[in-house]
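Working notes, beginning with the structure itself.
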Amino acid sequence: MLDVEVPAGVNPASGRVAGAGATWAQQNRSVLVAGSFVVAVVLGVVLGLAWASDTSVPAGPTVAEQPDNPTLRLPTPPIIPWDSQNPRVAVGDALSLSLQPAEREALREPLGWLVAHEVRERTGAETPVPADVKITENTLFYGAVRGADVQQDEFWAVGMTEINGVSGAEAPNPHVWMRVRTGPWTLVDNGPQACAKIPAVLQTVWGGPSSCAAA
């Protein structure tokens, strides 16, 4: 048998270089670690986005915008005796305002517009239109509450309505409206609870409006 010198590092039985696999693993360990880290980061981001989409807070209800229309700024507010006071006294006082026939008709226009708008918004229907709304005779009360200055005076109205094609159950009476000086009229509320929104001092001046008593 010949004595053959085996090079260092070679396994005499297999002829393979001893420790070659270990050497390769050691040389590429940093690459493997870095690759594993990148995969973990990407997986974490994907899972995080999925979790966020499942647990996101739902959007709150959309608040309906207050309608605005040139009609709602009619008629021009009347001149009130306290308008000339400077400085003002007795802020919060109330005054019942009488209406001439032409003034009454002018006031009905924005009030009826709001009633028709409220029904359409609530039902999604194309009717009623303002012409379908009638404010019952002798039920409309109109008055003012004194503000800290002229621009803060409040004007209030309450009345019973009849709406063509709409039952009383669908649009219960009475209806209460309010505006601040030259601002647009708003429909404050309607139904049996509506009169509770009217300042008590104004209800007293009106002597307990019949529109509220009928609710």
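Test A213 against the stated conditions and say whether it is surrounded by 20 or more Cβ atoms within 10 Å (Cβ to Cβ) and either over 26 Å from P70 (Cα atoms) or touching a strand residue (DSSP E or B) at 6+ places or on another chain (Cβ under 9 Å) (or both).
On the way: surrounded by 20 or more Cβ atoms within 10 Å (Cβ to Cβ): no; either over 26 Å from P70 (Cα atoms) or touching a strand residue (DSSP E or B) at 6+ places or on another chain (Cβ under 9 Å) (or both): yes.
Spelling it out, it is not the case that A213 is surrounded by 20 or more Cβ atoms within 10 Å (Cβ to Cβ) and either over 26 Å from P70 (Cα atoms) or touching a strand residue (DSSP E or B) at 6+ places or on another chain (Cβ under 9 Å) (or both).
Determine whether A144 is surrounded by 14 or more Cβ atoms within 10 Å (Cβ to Cβ), modelled with pLDDT of 90 or more, touching a Pro at 6+ places or on another chain (Cβ under 6 Å) and not aromatic (F, W, Y).
no
May I ask you to list the residues in the range 155-178 that are closer than 20 Å to S96 by Cα and free of Cβ contacts under 8 Å to residues at least 40 places away in the same chain?
V176, M178
This table checks each residue for (1) assigned by TED's automatic domain parsing to the domain that holds R120; (2) assigned to a loop (DSSP other than H, G, I, E, B); (3) touching a helix residue (DSSP H, G or I) at 6+ places or on another chain (Cβ under 9 Å).
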position: A169; (1), (2), (3): yes, yes, no
position: W177; (1), (2), (3): yes, no, yes
position: P184; (1), (2), (3): yes, yes, yes
position: V188; (1), (2), (3): yes, no, yes
position: L202; (1), (2), (3): yes, no, no
position: V205; (1), (2), (3): yes, no, no
position: G208; (1), (2), (3): yes, yes, no
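Going through the range 134-153 one residue at a time, which ones are touching a helix residue (DSSP H, G or I) at 6+ places or on another chain (Cβ under 9 Å) and farther than 15 Å from S211 by Cβ?
Across the range 134-153, the qualifying residues are A144, V145, R146, V150, D153.
The values are calculated or read from the model by the stated rules, or taken from the named source; none is laboratory data. This one's a predicted model, so the numbers in the text were calculated from it and none came from an experiment. Counting neighbours? That spans all protein chains shown, and the Cβs are built from the backbone with ideal geometry, glycine included.
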